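Trainee: Just dropping this structure here.
The values are calculated or read from the model by the stated rules, or taken from the named source; none is laboratory data. The shown structure was predicted, so the numbers you read here are calculated from the model rather than taken from an experiment. Because the Cβ atoms are built from the backbone with ideal geometry, glycine has one as well, and the counts that use them run over all protein chains shown. Heavy atoms of the whole protein, side chains included, go into the accessibility calculation; ligands, DNA and RNA do not. Shrake-Rupley method; radii C 1.70, N 1.55, O 1.52, S 1.80 Å.
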Amino acid sequence: MKKKVRNFIEENHMVEKDDCILAAVSGGADSLCLLSVLHELREELKITLCVIHVEHGIRGEDSLQDAAFVEEICRKYQIPCKVCHCQALAYAKEKKQTVEEAARELRYGLFRKAAQEFGADKIAVAHNQNDCAETMLFHLARGTGLKGLCGIPPIRGQIIRPLLCVSRQEIETYLACEGLEFCVDKTNEELKYTRNKIRRQILPLLVEINANAISHMNQAAGFVSEATGLIQELRTRASEKYSMVCEEGIRISRELLLEPAMIQKETLLGLLAEAAGSSKDISSIHVQQLLTLFTLQSGRTLELPYGIRARRTYEGILLEREKAKLPAQRLCQEISVGDSLNLSSHGYEIHTRLLDKFPQNEEIPKKMYTKWFDYDKIKGTMRLRTRQEHDYLVIDAKGSRKKLKKYFIDEKIPEYRRDCILLLADDAHILWVIGYRISEDIKVTEHTKRILEIQIDGGRKDE
């Protein structure tokens with residue numbers, strides 16, 4: 001297993017030399033395997049380890065005993081350990097979430113905080129192939145597009161998943177061979193939780209049908225992920241070709257209907273989210289309504305979320321929104337390397353990572369919502385925010401500046417949308433008008449030593 005995990009880590013560029021890895025350890029089989037394997041690989045990978053254990057305040061004395069168990073293991077391995085306590089039940093009630101949702105939100109928040117305290121570069125969690133298969137089935141059962149069938153990614157921002165190449169059976173075999181004991185969470189047996197039903201009832205039946213079912217599902221998730229990336233590129237091209245931002249809103253040409261059906265739907269979904277300033281609550285139902293509107297006579301209208309009105313025009317469809325209905329979503333959020341932020345106000349998840357060298361076999365991303373920056377040219381504190389007075393972009397290699405307001409005018413971005421566009425800023429210097437361009441002076445070149453990658457996902461909370 002050690003060799004398999006190491007190869008997976010290297011193939012996915014999960015760690016760099018001298019990285020400090022914060023391992024999230026619950027004490028269960030998966031996380032104990034993660035800690036043990038990383039501990040064995042630490043000298044080969046030239047990494048250091050630290051551990052966080054989150055006690056959710058749900059299982060009483062059993063939960064406290066798990067925390068003590070993890071602390072003892074860390075003493076044995078001589079690894080720094082931090083135990084964090086929280087109250088998931090109370091938090092779930094306050095936020096009107098399920099206990100699972102609340103526990104996950106609290107847990108990952110504490111992970112990020114501990115990573116800052118330890119100075120950790122990455123946060124390793126113990127998701128494996130079974131978890132990926134469970135996630136696919138969970139999304140499929142409740143309704144999903146292709147993105148929900150991508151399973152669990154090996155890397156998301158600061159989060160890495162070294163065990164995503166192995167099954168739970170392999171993990172249990174490894175622990176038995178190593179003579180390692182682990183904690184058993186009794187709530188994992190309770191079938192009132194949806195994921196437990198999938199884990200205990202559905203997956204075993206699929207494995208009965210085909211012993212390699214879990215491995216095959218993980219392969220399929222990889223294929224879907226590759227296909228989704230290609231579709232996103234085609235959607236971007238179609239959006240540039242068939243839509244135009246104007247003073248009234250976003251005009252969509254009826255020639256979009258010449259594209260394959262999937263590209264039509266993905267493009268309309270993206271344009272509708274752009275007009276709304278958020279992808280939250282935008283669904284396939286609204287896309288189908290837009291497609292139907294294309295078949296109606298000029299002048300017909302459709303009311304959509306966020307106060308958007310779609311109007312059938314002779315050329316196609318106009319997505320418009322009354323200025324009076326658009327609340328300015330003011331924001332100013334500091335962002336650091338390795339952060340993973342959830343900006344619910346804008347329907348975005350932001351993930352960052354630092355690359356100490358140009359990754360082999362990779363090109364500079366051309367996607368609208370994934371960008372590379374020359375990290376050493378960013379001098380101040382990066383913030384995600386909305387526009388302010390005196391904001392500017394650097395527009396050429398000479399360092400020429402253009403006021404952000406002038407840029408919005410030149411790009412024909414309606415006045416009513418400008419206060420909702422998210423910006424990555426270093427003081428008044430706009431590094432990235434998100435969804436549009438980045439400043440010329442922080443682009444990656446052949447002289448770049450360190451690359452900052454920022455990826456922005458719209459609205460979905462993936463596992």
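Trainee: If you check Gly57 against the conditions, is it assigned to a helix (DSSP H, G or I) and either of a type outside the set (Val, Ile, Thr) or open to solvent by 70 Å² or more (accessible area, probe 1.4 Å) (or both)? Step through it out loud before you land on a result.
Mentor: Numbers: assigned to a helix (DSSP H, G or I): no; either of a type outside the set (Val, Ile, Thr) or open to solvent by 70 Å² or more (accessible area, probe 1.4 Å) (or both): yes.
Judged against the criteria, Gly57 is not a match.
Trainee: Can you pull out the residues in the stretch 402-425 that are surrounded by 15 or more Cβ atoms within 10 Å (Cβ to Cβ) and either of a type in the set (A, V, I, L, M, F, W, C) or closer than 14 Å to Glu440 by Cβ (or both)?
Mentor: Selection gives Lys402, Leu404, Tyr407, Phe408, Ile413, Cys420, Ile421, Leu422, Leu423, Leu424, Ala425.
Trainee: Looking at the stretch 190-214, which of its residues are open to solvent by less than 40 Å² (accessible area, probe 1.4 Å) and either in contact with a Pro (Cβ under 6 Å, 6 or more places away or on another chain) or under 15 Å from Cys132 (Cβ atoms) (or both)?
Mentor: Once the filter is applied, which keeps residues that are open to solvent by less than 40 Å² (accessible area, probe 1.4 Å) and either in contact with a Pro (Cβ under 6 Å, 6 or more places away or on another chain) or under 15 Å from Cys132 (Cβ atoms) (or both), the stretch 190-214 yields Arg195, Ile198, Leu203, Ala213, Ile214.
Trainee: Might you let me know whether the stretch 216-235 holds any residue that is in contact (Cβ under 8 Å) with a residue 12 or more places away in the chain, within 30 Å of Phe111 (Cα to Cα), over 29 Å from the mean Cα position of the chain (by Cα) and open to solvent by 20 Å² or more (accessible area, probe 1.4 Å)?
Mentor: Within the stretch 216-235, not a single residue is in contact (Cβ under 8 Å) with a residue 12 or more places away in the chain, within 30 Å of Phe111 (Cα to Cα), over 29 Å from the mean Cα position of the chain (by Cα) and open to solvent by 20 Å² or more (accessible area, probe 1.4 Å).
Trainee: Which is within 23 Å of Glu172 (Cα to Cα) and open to solvent by 60 Å² or more (accessible area, probe 1.4 Å), of Glu44, Glu71? Break it down stepwise before answering.
Mentor: Working: Glu44 fails: within 23 Å of Glu172 (Cα to Cα).
Just a single option satisfies the conditions, and that option is Glu71.
Trainee: A further question follows. Every residue in the stretch 198-224 that is modelled with pLDDT of 90 or more and not aliphatic (A, V, I, L, M), please.
Mentor: First pass over the stretch 198-224, keeping only residues modelled with pLDDT of 90 or more: 198, 201-224.
Result: Gln201, Pro204, Glu208, Asn210, Asn212, Ser215, His216, Asn218, Gln219, Gly222, Phe223.
Trainee: For Val70, indicate whether it is touching a helix residue (DSSP H, G or I) at 6+ places or on another chain (Cβ under 7 Å) and of a type in the set (Val, Ile, Thr). Please lay out each step first, then the result.
Mentor: Values: touching a helix residue (DSSP H, G or I) at 6+ places or on another chain (Cβ under 7 Å): no; of a type in the set (Val, Ile, Thr): yes.
In short, no.
Trainee: Is there any pair with a first residue in the stretch 105-128 that is more than 22 Å from Thr48 (Cβ to Cβ) and a second that is small (Gly, Ala, Ser) and assigned to a loop (DSSP other than H, G, I, E, B) whose Cβ atoms are under 7 Å apart and which are 6 or more apart or on different chains, and what are they?
Mentor: Asn128/Ser167
Trainee: Are any residues in the stretch 1-48 part of a loop (DSSP other than H, G, I, E, B), closer than 25 Å to Val184 by Cβ and of a type in the set (A, V, I, L, M, F, W, C), and if so, which ones? Steps first, answer last, please.
Mentor: Initially, the stretch 1-48 is screened for residues part of a loop (DSSP other than H, G, I, E, B), giving 1, 12-19, 25-28, 46-47.
With the extra rule that they be closer than 25 Å to Val184 by Cβ, the set shrinks to 1, 25-28.
Across the stretch 1-48, the qualifying residues are Met1, Val25.
Trainee: How many of the residues in the stretch 79-109 are buried (at least 17 other Cβ atoms within 10 Å of the Cβ) and of a type in the set (Gly, Ala, Ser)?
Mentor: The total comes to 4.
Trainee: Continuing with the same structure: Being surrounded by fewer than 18 Cβ atoms within 10 Å (Cβ to Cβ), outside any loop (DSSP other than H, G, I, E, B) and touching a residue at least 40 places away in the same chain (Cβ under 8 Å) is the requirement here; does Gln169 meet it? Can you show your working first?
Mentor: Values: surrounded by fewer than 18 Cβ atoms within 10 Å (Cβ to Cβ): yes; outside any loop (DSSP other than H, G, I, E, B): yes; touching a residue at least 40 places away in the same chain (Cβ under 8 Å): no.
No, not satisfied.
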